[in-house]
Each structure stands twice: as C-alpha cells, then as structure tokens.
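Novice: One structure coming up, written as structure tokens, with questions to follow.
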Amino acid sequence: MLFTDFDLPEVLSLNIKNSGWEKPTPIQELVLPRALEGADILGGAPTGTGKSAAFLIPIIAALLAEDSKKDADNEGGSVFRALILEPTRELALQTCEVAGRLCEHSELKVGTIIGGAGRDLQREQSADILVATPGRFNEFLRKEWIDCSEVLYFVIDEADRMLDMGFRDDVVKISNELVYCRQNMLFSATLEGYGIREFATRVLDDPFEVRLGTGDDADEKLPENLALRAYYAAGDQQKVKILLQLLSTVTGRAIVFVKTRDRIQKVHSSLRRAGISCATLQGELSQTERNAALRRFKESEARVLIATDVAARGLDLPEVATVYNFDMPGNATIFVHRAGRTARAGESGVAVCLVAADQLELLERIERYIQKDIERRSIKNICAAFPTKETLGRHASDKKRARTSKPGGGFDKKTEEEKKKHRKVRARDVKNKGKPDFARKRARREARRQAATGTKSE
C-alpha cells in the first residue's frame with residue numbers, strides 16, 4: 001500500500017511526498033482507512049512507529065476538505081478546530097513540526113500552548129491545529145483565555161505517559177470542554193497499563209481499536225544494530241574516569257543518562273573540566289533553555305547531552321552514536337527506552353552501563369528482559385573486571401578455619417596453647433560477676449566499726 005492509494009487532498013499528498021514518505025508504516029496502514037472515515041481510534045503501538053502522522057493526516061485532510069475560515073473577530077484568543085495533547089513540551093514541539101510540514105502550501109496554521117513559553121504570545125497566535133501540554137492548556141481554560149467551541153478533532157498522544165505523569169484529571173477536564181467534537185483519537189505505547197481502558201471509555205465513542213504487536217511494554221524492542229556493554233565501577237569517581245576514557249576514544253554524539261538534576265550538574269562539571277562540550281536537559285528547565293540545549297546538541301555544538309529520563313522516550317535525536325547509563329535505570333523498560341536513542345533508522349550504536357556492586361542483580365534482570373547478554377568489559381588501570389559470585393561471597397572466608405584434606409573432612413586440630421587461649425567460659429563462672437557481694441560489705445562495715453570503738457566481736 002502507498003500513500004497515493006488514499007483519497008487525500010492534493011496539497012497534502014504533495015507535502016507527504018516532499019517529506020520523503022512513500023509507504024505508510026504498519027500503524028499508519030491500519031489507522032488511516034478508518035480515521036479518514038471519521039471513526040474514533042484507540043491505537044496501541046510502540047514508540048517510533050509513525051503514530052504522529054497516523055492521526056495528523058486524517059485531521060489535516062478533514063480540515064482541508066472543510067475549507068472553513070477562522071473567526072478573526074474572536075477576542076478571547078484563537079479559534080482552533082483540532083487539539084492534540086502531548087505529555088511533554090518536547091513531544092509537543094516535535095508533533096508541531098510534523099504538522100507544519102504537512103500543512104505547507106495551505107492556509108492551515110499550527111500553534112502550541114506549552115509550559116516554559118510566553119503566555120502572551122500563545123494567546124495572540126492564530127492556529128487551526130493546536131498542540132498542547134495538559135497543564136498549560138488547563139491554565140488557559142481556567143482563565144478563559146481560549147475558546148474550545150469550534151474544536152472538532154481531539155487527539156491524546158502517549159496516553160500511558162499522561163497517566164504516569166499524573167495528567168489524568170487534567171485531560172478529563174479538557175475532554176469535557178470539547179462538546180462539539182466529531183472525532184477523538186487516543187494513542188499509547190501500551191493499552192494494558194493501569195487506567196488506560198477506563199481513560200479511553202471517558203474520551204472515545206465506540207472506537208476502532210488498532211494494536212500493533214501485543215500492545216504492552218514487551219513491544220518496546222532494542223534496535224537491531226545495537227551493541228551492549230557494561231563496566232564495573234566502585235563509585236561515582238570511578239564512573240567519571242570510565243566515562244572520560246570512553247568519550248576520548250569513541251567519536252560521535254553521545255547521551256549520558258543520570259537519575260536527578262543534581263547528578264546532571266556533577267557530571268557536567270566533570271566533563272567540562274576535561275574540555276568536553278556538553279548540553280544538559282532536565283524537566284525543570286524553561287522551554288527556551290530546553291530548545292537551546294536540543295539545538296546545540298542537534299547542530300553538534302555540544303557533543304554530549306547529559307539528561308534525565310525526560311530524554312529517554314519520544315524525542316527525535318538523530319545520529320546518536322552512544323548512550324551511557326551513568327546511573328542505571330530503575331527498571332528494564334526504561335533501559336530499553338534509553339538505549340533506543342541510538343542505532344536508529346538502521347544505523348549502528350552502543351549502549352553502555354556503568355554498574356556498581358549493588359546493581360549487579362539489576363544488570364542480570366535487564367539481560368533477562370531483553371533476552372540478550374550485555375558484554376562485561378574492563379579498562380586497564382581505570383576499572384577492574386566484574387566480580388564473580390564466588391569472589392563476592394568470599395568476604396569472610398579468610399577468617400574461617402579451612403577444612404582439612406583428610407578423608408572424612410573435619411576441621412584442623414588446635415594446639416594446646418590455642419585451646420587455652422580460646423578456653424570456653426562457662427555461664428556458672430560468670431553468673432555472679434559484677435553483682436554486689438553483700439556479705440563481704442557487711443564484714444567490712446563491722447570491721448570499721450570495731451576499729452573505731454576498740455572492741456572485738458566475740
């Protein structure tokens with residue numbers, strides 16, 4: 001099947017061709033026929049399968065076919081006809097970029113309402129398709145800065161992440177405002193997560209369900225051309241040494257994943273002192289700072305991007321050669337998301353884990369989950385080889401007496417001196433130790449009395 005097989009407006013077909021798309025992806029091939037008919041869609045597919053175009057193409061085709069005009073006299077803000085909700089600013093901007101390409105050479109306009117950007121500019125923008133994050137959009141609703149009366153098409157993208165990030169109530173409030181919607185679509189990497197079904201019943205009306213794969217976390221696969229390596233580190237200081245050594249010997253852009261923003265600053269300072277250009281990405285940054293960091297990384301001004309898991313999923317970061325897990329992920333699913341930032345579009349890549357002693361079991365759990373072995377490596381004069389289970393369990397063995405080699409076993413015989421030195425003290429010998437001897441005290445007291453009076457007891 002080709003995109004030309006669908007009955008699409010001419011300008012949209014041209015924009016699809018200019019984007020370099022000839023054949024729809026599997027999720028697009030399943031969604032487009034029913035979505036173009038106007039059916040509600042419940043779609044489950046792994047990240048990176050082309051879900052954005054799957055919902056954008058039907059919406060843009062419908063808006064172009066209607067050829068309606070925006071109400072230029074509306075003073076409360078722009079009157080838009082399609083709303084797309086994304087869980088993060090970065091995903092909203094990516095979706096906005098794709099929508100902009102598909103709307104070229106037409107009168108349709110795309111806008112955003114996201115956190116970290118100026119509210120005044122967002123209020124003044126004019127858009128037919130609005131891509132938003134739930135928090136900022138709800139703020140606009142509360143302050144009556146936006147009019148939802150003409151919204152005809154509503155999309156919730158990455159619904160599982162919406163729920164994980166606590167946006168359920170926000171999304172339900174937004175959905176309740178869209179009373180004239182003709183078509184609703186909900187897409188998620190998994191349809192089996194907590195609350196997804198209940199969430200879908202609140203938003204969708206008799207949806208057509210599309211599921212690519214099993215629709216759960218097991219569908220998240222590692223890239224085919226990905227090499228997996230691990231290094232054993234005794235602590236953060238050694239992790240930094242390993243990271244600097246690897247960055248000095250491996251070319252190409254890299255992402256370093258850490259747990260918290262405080263850890264970002266620590267790693268950033270270490271790499272900057274070594275002369276490595278870095279950008280940082282974390283949830284607390286303003287949108288301007290996020291955009292600047294991503295631009296520096298994409299344009300190779302910064303070779304290394306140090307990030308929390310906000311960059312582990314959904315972002316389009318091209319030509320990443322290596323992913324470093326400076327801090328190991330909380331579970332195997334997050335590891336797959338992180339590793340998926342490299343080896344994309346058929347390219348090769350490497351995912352590296354820096355593993356502390358208490359994370360060896362986690363490393364094994366990840367291997368079982370991905371059903372692949374992670375190569376254990378060491379670097380001479382920088383980090384040692386991974387300890388084995390035998391060496392880990394030998395921490396007190398040198399202090400214990402060894403078994404003899406005599407037939408029948410038994411412990412080595414002790415000398416007489418050792419026996420005296422370690423003679424067992426019986427309880428009866430120490431049961432009165434430390435207790436007052438009242439008889440002796442009375443005798444001493446009587447002796448002192450007699451000495452004072454010059455008398456003797458008979």
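Novice: Tally time: how many residues in segment 156-172 are of a type in the set (Lys, Arg) and either over 11 Å from PHE187 (Cα atoms) or surrounded by 23 or more Cβ atoms within 10 Å (Cβ to Cβ) (or both)?
Specialist: Count: 1.
Novice: Continuing with the same structure: Could we say that GLN282 is more than 21 Å from the chain's Cα centre (by Cα) and surrounded by 16 or more Cβ atoms within 10 Å (Cβ to Cβ) here?
Specialist: Values: more than 21 Å from the chain's Cα centre (by Cα): no; surrounded by 16 or more Cβ atoms within 10 Å (Cβ to Cβ): yes.
Answer is no for this residue.
Novice: Let me ask something else about it. Looking at segment 56-86, which of its residues are in contact with a helix residue (DSSP H, G or I) (Cβ under 7 Å, 6 or more places away or on another chain) and at pLDDT 90 or above? Give the steps one after another, and end with the answer.
Specialist: First, pick out the residues of segment 56-86 that are in contact with a helix residue (DSSP H, G or I) (Cβ under 7 Å, 6 or more places away or on another chain): 56-58, 60-61, 64, 77, 81-82, 84-86.
Answer for segment 56-86, where residues must be in contact with a helix residue (DSSP H, G or I) (Cβ under 7 Å, 6 or more places away or on another chain) and at pLDDT 90 or above: LEU56, ILE57, PRO58, ILE60, ALA61, LEU64, ARG81, ALA82, ILE84, LEU85, GLU86.
Novice: Are any residues in segment 245-262 farther than 14 Å from TYR324 by Cα and touching a residue at least 24 places away in the same chain (Cβ under 8 Å), and if so, which ones?
Specialist: THR260, ARG261
Novice: List pairs: first residue in segment 124-145 and under 22 Å from ASP157 (Cα atoms), second residue hydroxyl-bearing (Ser, Thr, Tyr) anywhere in the structure, Cβ distance under 8 angstrom, at least six positions apart or on different chains.
Specialist: ALA127/SER78; LEU130/SER78; LEU130/THR112; VAL131/THR95; VAL131/THR112; ALA132/THR112; THR133/THR88
Novice: May I pose another question? Which pairs turn up if I take residues in segment 9-21 that are over 19 Å from GLU66 (Cβ atoms) and open to solvent by 30 Å² or more (accessible area, probe 1.4 Å) and look for partners that are modelled with pLDDT of 90 or more and outside any loop (DSSP other than H, G, I, E, B) with beta carbon separation below 6 Å, at least 6 apart in sequence or on another chain?
Specialist: Taking only residues 6 or more apart or on different chains, the pairs are SER19/ARG101.
Novice: Going residue by residue through segment 371-389, is there one that turns out to be outside any helix (DSSP H, G or I), at pLDDT 85 or above, open to solvent by 10 Å² or more (accessible area, probe 1.4 Å) and farther than 25 Å from GLN238 by Cα?
Specialist: Yes: one or more hits.
Novice: Please identify the pairs in which a residue from segment 291-306 that is in contact (Cβ under 8 Å) with a residue 60 or more places away in the chain has its Cβ atom under 9 Å from the Cβ atom of a residue that is of a type in the set (Gly, Ala, Ser) and surrounded by fewer than 17 Cβ atoms within 10 Å (Cβ to Cβ), counting only partners at least 6 apart or on another chain.
Specialist: These pairs meet every condition: ASN291/GLY116.
Novice: Of all residues in segment 22-47, which are in a loop (DSSP other than H, G, I, E, B) and surrounded by 23 or more Cβ atoms within 10 Å (Cβ to Cβ)?
Specialist: Initial filter on segment 22-47 (in a loop (DSSP other than H, G, I, E, B)): 22-25, 37-40, 45-47.
Of everything in segment 22-47, just one residue is in a loop (DSSP other than H, G, I, E, B) and surrounded by 23 or more Cβ atoms within 10 Å (Cβ to Cβ), namely ALA45.
Novice: How about segment 317-338: which of its residues are at pLDDT 90 or above and in a loop (DSSP other than H, G, I, E, B)?
Specialist: Those that are at pLDDT 90 or above and in a loop (DSSP other than H, G, I, E, B): PHE326, ASP327, MET328, PRO329.
The values are calculated or read from the model by the stated rules, or taken from the named source; none is laboratory data. Since we're looking at a predicted model, the values are computed, not measured. Heads up, the Cβs are rebuilt from the backbone with ideal geometry, glycines too, and the neighbour counts pull from every protein chain shown. Ligands, DNA and RNA are stripped out before the accessible areas are found, and what is left, the full protein with its side chains, is counted by its heavy atoms. Shrake-Rupley method; radii C 1.70, N 1.55, O 1.52, S 1.80 Å.
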